[in-house]
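Single-structure report; data block below.
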Amino acid sequence: MAALPGVLALQIGCSQLQSVSVTPVPMESGTEIETVVESPLIVLGIRGDHNYVDDVVKDLKKQCSGGRIQGILTTHEVISWPFVSKHRITASGRCIR
Amino acid sequence: MRRWLPLLALCGACTSSIHQVQVSDFTPYAPKGNARMVEGFAEERVILFSTESGGEVRRAFEKLQQECGLGYITAITVETRTRLGFFNWTNEARFRGLCVVPETPIPGPEDPVEGEGEDAGESPEGTAPPAE
């Protein structure tokens with residue numbers, strides 16, 4: 001029983017869902033597009049900039065130039081290991097042209 | 001330490017926490033008469049932290065879209081929650097939305113507004129109207 005905390009500590013290499021958001025889903029099927037951006041590794045909780053978040057919008061726009069994007073499902077996860085973690089944002093949607 | 005075990009056992013399988021609820025917008029607006037509620041639900045059991053990241057969310061969203069075949073879905077509510085057990089837990093994702101099947105096609109941003117171009121006479125470049 002005494003070893004249990006140690007075993008649990010080793011198992012922490014997990015991902016936790018932080019938030020989910022969605023926009024209305026269109027009738028047209030369109031083209032499926034998706035982008036995934038990740039933060040730099042965060043060591044001991046000391047984080048750098050958050051500029052990687054802007055890449056989500058830029059990348060989605062690039063994949064659907066001249067169209068409109070609807071039905072966007074966005075998830076924000078934190079993946080953590082002992083002393084180190086990172087954030088991951090995944091956004092997928094339909095490009096309607 | 002032995003004292004804590006019964007307490008932990010009591011806490012297991014009887015706890016549930018809701019993490020987040022989000023509601024999307026209600027556009028385009030449509031009367032409720034044309035609409036019906038659809039739902040997509042998925043769950044994933046996690047044992048000792050081992051999990052596929054966000055798998056239940058994607059599956060629930062796919063189910064929601066399958067429930068509404070030829071319509072569009074608006075006013076979508078997203079709910080994520082966790083049911084706790086003894087050394088395991090279950091992540092749940094539930095999407096609810098209003099599936100609207102319009103009687104007439106919704107004009108897109110590039111489609112001409114009704115009434116415009118009626119006085120133009122013939123169709124441009126001599127194209128024939130679509131055959132019925």
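The values are calculated or read from the model by the stated rules, or taken from the named source; none is laboratory data. Please read all numbers here as calculations on a predicted model, not as lab measurements. Neighbour counts are summed over all protein chains in view; Cβ atoms, including those assigned to glycine, are modelled from backbone coordinates with ideal geometry.
Quick look at the values:
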item	result
Odd one out for B:LYS63, checked against (1) among the basic types (Lys, Arg); (2) outside any helix (DSSP H, G or I); (3) at pLDDT 90 or above	(2)
The listed residue being buried (at least 17 other Cβ atoms within 10 Å of the Cβ), farther than 24 Å from A:ARG88 by Cα and modelled with pLDDT under 90, out of B:ALA128, B:ALA35	B:ALA35
Residue in segment B:71-84 that is modelled with pLDDT under 85, assigned to a strand (DSSP E or B) and facing chain A (nearest Cβ under 8 Å) present	no
Qualifying strands (runs of 3 or more DSSP E) (wholly inside segment A:28-97; at least 3 residues being more than 14 Å from chain B (Cβ to nearest Cβ))	A:31-38
